[in-house]
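**Q** Okay, handing you the structure first.
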């Protein structure tokens, strides 16, 4: 297996493939289409085949939000998602970012996935999934209501 992570410019992004992957993480095609043009896109490739993708949007003043990250179900549990997330964390650290944010459900493997890489719970967005999605979103048979907002703060490089 030869794993590669790379940024792909929005103009070169295979929209159909990105959409297929990102819909795994975010069930709203409309929402994905709204943030994708303003996002940096990264893909995980396994022997040249795209198996994962993520989109990151600048929020301003050195703060970026991981909008969605997903790995094709046939390639999950092989380390692609972790490699993709670690690449994104390092990419923004190297670019001088102050903080990386992400929103996720209040339970499940996604929460542990982010926490293993140093993200910490910052706040709760109550009823987020009710306000923003017309259909209920279920995780392990349980309806999601609230979104946890997690942050990864990068150390201030000016402080000795």
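**Q** Specify which of the listed residues (69, 24, 89, 8) is modelled with pLDDT under 95, in contact with a strand residue (DSSP E or B) (Cβ under 7 Å, 6 or more places away or on another chain) and closer than 22 Å to residue 113 by Cα.
**A** The conditions single out 24.
**Q** Being in contact with a strand residue (DSSP E or B) (Cβ under 6 Å, 6 or more places away or on another chain) and modelled with pLDDT of 95 or more is the filter; apply it to the range 105-119 and report the residue that is nearest to residue 45 (Cα to Cα).
**A** Among those residues, the one meeting the criterion is 114.
To keep it simple, each residue is scored yes or no on (1) farther than 20 Å from residue 147 by Cα; (2) surrounded by 13 or more Cβ atoms within 10 Å (Cβ to Cβ).
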site: 48; (1), (2): yes, no
site: 51; (1), (2): yes, yes
site: 87; (1), (2): yes, yes
site: 100; (1), (2): no, yes
site: 108; (1), (2): no, yes
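**Q** How many of the residues in the range 89-98 are under 17 Å from residue 44 (Cβ atoms) and surrounded by 17 or more Cβ atoms within 10 Å (Cβ to Cβ)?
**A** 3
**Q** Taking the range 13-33 on its own, how many of its residues are within 23 Å of residue 89 (Cβ to Cβ) and not in a helix (DSSP H, G or I)?
**A** Counting residues in the range 13-33 that are within 23 Å of residue 89 (Cβ to Cβ) and not in a helix (DSSP H, G or I) gives 2.
**Q** Look at residue 81 and say whether it is modelled with pLDDT under 95, surrounded by 14 or more Cβ atoms within 10 Å (Cβ to Cβ), more than 11 Å from residue 149 (Cβ to Cβ) and in contact with a strand residue (DSSP E or B) (Cβ under 9 Å, 6 or more places away or on another chain).
**A** Numbers: modelled with pLDDT under 95: no; surrounded by 14 or more Cβ atoms within 10 Å (Cβ to Cβ): yes; more than 11 Å from residue 149 (Cβ to Cβ): yes; in contact with a strand residue (DSSP E or B) (Cβ under 9 Å, 6 or more places away or on another chain): yes.
Criteria not met by residue 81.
**Q** Does residue 36 fit the bill of being in a helix (DSSP H, G or I), buried (at least 17 other Cβ atoms within 10 Å of the Cβ) and under 15 Å from the mean Cα position of the chain (by Cα)?
**A** Working: in a helix (DSSP H, G or I): yes; buried (at least 17 other Cβ atoms within 10 Å of the Cβ): yes; under 15 Å from the mean Cα position of the chain (by Cα): yes.
For residue 36, the condition - in a helix (DSSP H, G or I), buried (at least 17 other Cβ atoms within 10 Å of the Cβ) and under 15 Å from the mean Cα position of the chain (by Cα) - is met.
**Q** Kindly provide the set of residues from the range 37-50 that are within 21 Å of residue 80 (Cα to Cα) and touching a strand residue (DSSP E or B) at 6+ places or on another chain (Cβ under 9 Å), ordered by number.
**A** 39, 40, 41, 42, 43, 44, 45, 46, 47, 48, 50
**Q** What number of residues in the range 51-60 are touching a strand residue (DSSP E or B) at 6+ places or on another chain (Cβ under 9 Å) and farther than 16 Å from residue 26 by Cα?
**A** Here the count works out to 3.
**Q** Residue 58 - would you say it is at pLDDT 90 or above, closer than 28 Å to residue 134 by Cα and buried (at least 17 other Cβ atoms within 10 Å of the Cβ)?
**A** Considered against the rule, which asks whether it is at pLDDT 90 or above, closer than 28 Å to residue 134 by Cα and buried (at least 17 other Cβ atoms within 10 Å of the Cβ), residue 58 comes out as no.
The values are calculated or read from the model by the stated rules, or taken from the named source; none is laboratory data. Only a predicted model underlies this, so the values are computations on that prediction, with no experimental measurement involved. Here Cβ is always computed from backbone atoms with ideal geometry, including for glycine, and neighbour counts include all displayed protein chains.
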